[in-house]
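The block underneath contains the structure these notes are about, expressed in structure tokens.
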Amino acid sequence: MAATAKKFGGHVPAAVARLATSPELLNGFLKLNAIFESTTLPALDREVLIMTVAARNGCHLCVAMHTASLHGLSASPELVTALRAESALPAPHLEALRGFVHAVMDTTGEVPPEALDAFTGAGYTPRNALEVVLGIGTYTLSTFANRLTGAPLDDVFAGHAWHATAV
């Protein structure tokens, strides 16, 4: 918990506190997150993946928290807006990543060859494709747990509040 608090400026987000009611779940998420952060995907690409999963899974808290993370990475306002709106991204390689994340989720991993080709054609590798699966798994766990516990939005993220759009 100390490391988590340090990451958030001394504050433990309410979602993390709620996940801690199952130390196994919290420990699993933190370990998976650390492993995901050590992948060969650049930090911005990892955040694009996280935001894609978070928005897709309707996790208002995750979208707000990772909007703050994107700002910390100096992501363009156009990129942040597009991710939050679940629309096409302005950078072609990041749009290929977003499309691949959706393809993996839509097919539960049985991605059509053309989707994998589009992903690798944008400069990603087969290793990156497996790292995407790791990221999806990690953040599916987080988004599902946050929604299950009804985790509230912390005041520190209120400026990045987000609500899922009806489909």
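Considering each residue of segment 78-96, count those that are surrounded by 17 or more Cβ atoms within 10 Å (Cβ to Cβ) and over 12 Å from the mean Cα position of the chain (by Cα), and give that number.
The qualifying residues number 8.
Got a sec? Which helices (runs of 4 or more DSSP H) wholly within segment 1-63 have at least 2 residues that are buried (at least 19 other Cβ atoms within 10 Å of the Cβ) and modelled with pLDDT under 90?
Here the list reads 14-19.
Select from segment 119-136 the residues that are open to solvent by 40 Å² or more (accessible area, probe 1.4 Å) and either out of contact with any Phe, Trp or Tyr (no Cβ under 7 Å at 6 or more places or on another chain) or outside any helix (DSSP H, G or I) (or both) and list them in ascending order.
Thr120, Gly121, Gly123, Thr125, Pro126, Arg127, Leu130, Val133
Might you check whether a residue that is part of a helix (DSSP H, G or I), at pLDDT below 95 and under 18 Å from Thr165 (Cα atoms) occurs anywhere in segment 85-98?
no
Pull up segment 99-110, narrow it to residues that are β-branched (Val, Ile, Thr) and surrounded by 19 or more Cβ atoms within 10 Å (Cβ to Cβ), then point me to the one that is nearest to Asp45 (Cα to Cα).
This residue is Val101.
Could you grab the pairs with beta carbons closer than 8 Å, sequence gap of 6+ or different chains, first residue in segment 17-36 and closer than 11 Å to Ser142 by Cβ and free of Cβ contacts under 8 Å to residues at least 12 places away in the same chain, second one open to solvent by 70 Å² or more (accessible area, probe 1.4 Å) and outside any helix (DSSP H, G or I)?
Here the result reads none, with nothing in segment 17-36 linked to a residue that is open to solvent by 70 Å² or more (accessible area, probe 1.4 Å) and outside any helix (DSSP H, G or I).
With respect to Val156, determine if the residue is of a type in the set (A, V, I, L, M), open to solvent by 40 Å² or more (accessible area, probe 1.4 Å) and at pLDDT below 95.
yes
Is it true that Ala75 is open to solvent by less than 30 Å² (accessible area, probe 1.4 Å), of a type outside the set (S, T, N, Q), assigned to a helix (DSSP H, G or I) and on the phi < 0 side of the Ramachandran plot?
Taking the combined requirement at face value, the residue does not satisfy it.
The values are calculated or read from the model by the stated rules, or taken from the named source; none is laboratory data. None of these values were measured; they are calculated from a predicted model. All Cβ positions, even for glycine, are placed from backbone atoms using ideal geometry, and neighbour counts span all protein chains on display. For accessibility, only protein heavy atoms count, side chains too; no ligands or nucleic acids. Shrake-Rupley method; radii C 1.70, N 1.55, O 1.52, S 1.80 Å.
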